[in-house]
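To start, the structure itself, in structure tokens.
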Amino acid sequence: MNNQPTPKGNPVKPSTSESLTIIGTAMEGGTFGGIINVNGTRKGVIWAPKQEGTISAILLPKGKTVTGAHSPCDCAANTQGLIAAGSPAAMRIAGLNIAGFQDWLIPSRDVLELGYRHFKPTTQENWCSWRDGENANSVPPAWLYTEESPAQTAIEEFKEGGKAAFDAVWHWSSTVMPSGKMAFIQYFDHGGQDYYLSAECRVRAVRLIQL
């Protein structure tokens with residue numbers, strides 16, 4: 001495991017100086033989950049309610065090469081690229097209507113990382129290998145996890161077993177590898193990040209809003 005210390009400025013506390021909004025605030029059809037830089041524009045991350053916004057589906061259509069879904073931060077561009085390729089998960093997420101909002105997306109790699117960083121459901125030590133926790137697009141940018149940081153969320157309903165908690169399994173991101181045949185995933189039990197070819201697994205819908 002990587003024991004590199006967390007540098008100053010790493011956003012481990014559930015708040016941001018960029019907005020009056022606090023991590024975990026109910027708003028805009030879901031729960032506020034931080035800020036992401038999307039191609040030079042700062043967007044607020046809104047996670048869908050678990051019951052209405054979590055699905056289990058196949059992300060990558062079998063036998064197809066996905067193009068236009070390679071951004072680590074742009075959920076909208078990735079989701080549209082996946083829809084164009086016939087992704088079952090992307091089509092289901094795009095069809096959601098939650099609290100009157102119909103612009104739900106599959107989180108990109110760096111948006112999904114923020115989901116774990118701010119709403120880690122378990123008390124397990126974090127997996128510290130490869131690039132786990134590195135996030136150049138979060139505001140402020142984030143560095144690698146340590147075994148202890150991030151800790152389990154302090155928000156009760158997002159703790160494991162809570163009504164809003166991320167399931168402690170891996171989730172699909174919408175960020176597809178350059179080959180077009182694998183996509184990044186995030187584990188929500190220990191925080192490991194990896195990529196996978198094709199399987200049915202969790203997707204938690206997200207909205208990105210202008211701050």
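The values are calculated or read from the model by the stated rules, or taken from the named source; none is laboratory data. These numbers come from a predicted model, not from an experiment. No Cβ is skipped: glycine too gets one built from the backbone with ideal geometry, and neighbour counts run over all protein chains shown. What goes into the accessible areas is simple: the full protein's heavy atoms, side chains included, and nothing from ligands, DNA or RNA. Shrake-Rupley method; radii C 1.70, N 1.55, O 1.52, S 1.80 Å.
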- Any hit, the range 201-210, residues being on the phi > 0 side of the Ramachandran plot and open to solvent by less than 60 Å² (accessible area, probe 1.4 Å): no
- What do you reckon, is N135 without any contact (Cβ under 8 Å) to a residue 40 or more places away in the chain, open to solvent by less than 10 Å² (accessible area, probe 1.4 Å) and more than 19 Å from A48 (Cβ to Cβ)? yes
- Query: In the set A76, A57, which member is outside any loop (DSSP other than H, G, I, E, B) and either in contact with a Lys or Arg (Cβ under 7 Å, 6 or more places away or on another chain) or of a type in the set (S, T, Y) (or both)?
  - Reply: A57
- Scan of the range 11-38 for residues that are closer than 20 Å to E134 by Cβ and at pLDDT 95 or above, ordered by number: I23, G33, G34, I35, I36, N37, V38
- Task: Kindly indicate which of F184, F166 is open to solvent by 10 Å² or more (accessible area, probe 1.4 Å), modelled with pLDDT of 95 or more, hydrophobic (A, V, I, L, M, F, W, C) and under 22 Å from G44 (Cα atoms).
- Result: F184
- Spot the failing condition for S173; the list is (1) part of a strand (DSSP E or B); (2) open to solvent by 40 Å² or more (accessible area, probe 1.4 Å); (3) of a type outside the set (D, E, K, R); (4) in contact with a Pro (Cβ under 7 Å, 6 or more places away or on another chain), and only one is missed. (2)
- Item | Per-region count, the range 22-40, residues part of a strand (DSSP E or B) and in contact (Cβ under 8 Å) with a residue 24 or more places away in the chain | 8
- Condition test on P5, is it open to solvent by 30 Å² or more (accessible area, probe 1.4 Å) and at pLDDT 95 or above? no
- Task: Show the residue pairs that are 6+ apart or on different chains and have beta-carbon atoms under 7 Å apart, the first residue being within the range 66-92 and touching a residue at least 12 places away in the same chain (Cβ under 8 Å), the second being surrounded by fewer than 19 Cβ atoms within 10 Å (Cβ to Cβ) and hydroxyl-bearing (S, T, Y).
- Result: G81/T67
- Near pairs, Cβ below 9 angstrom, 6+ apart or cross-chain, from the range 183-203 (basic (K, R)) to any residue that is modelled with pLDDT of 95 or more and open to solvent by less than 30 Å² (accessible area, probe 1.4 Å): R202/I55; R202/A57; R202/F166; R202/H171; R202/W172; R202/F188
- Query: Based on what the data block shows, is K181 closer than 15 Å to G24 by Cα and not small (G, A, S)?
  - Reply: no
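Every residue, every condition in (1) in a helix (DSSP H, G or I); (2) out of contact with any Lys or Arg (no Cβ under 6 Å at 6 or more places or on another chain), yes or no:
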{"position": "Q80", "(1), (2)": "yes, yes"}
{"position": "M91", "(1), (2)": "yes, yes"}
{"position": "V111", "(1), (2)": "yes, yes"}
{"position": "G115", "(1), (2)": "yes, yes"}
{"position": "D132", "(1), (2)": "no, yes"}
{"position": "E147", "(1), (2)": "no, yes"}
{"position": "P150", "(1), (2)": "no, no"}
{"position": "E160", "(1), (2)": "no, yes"}
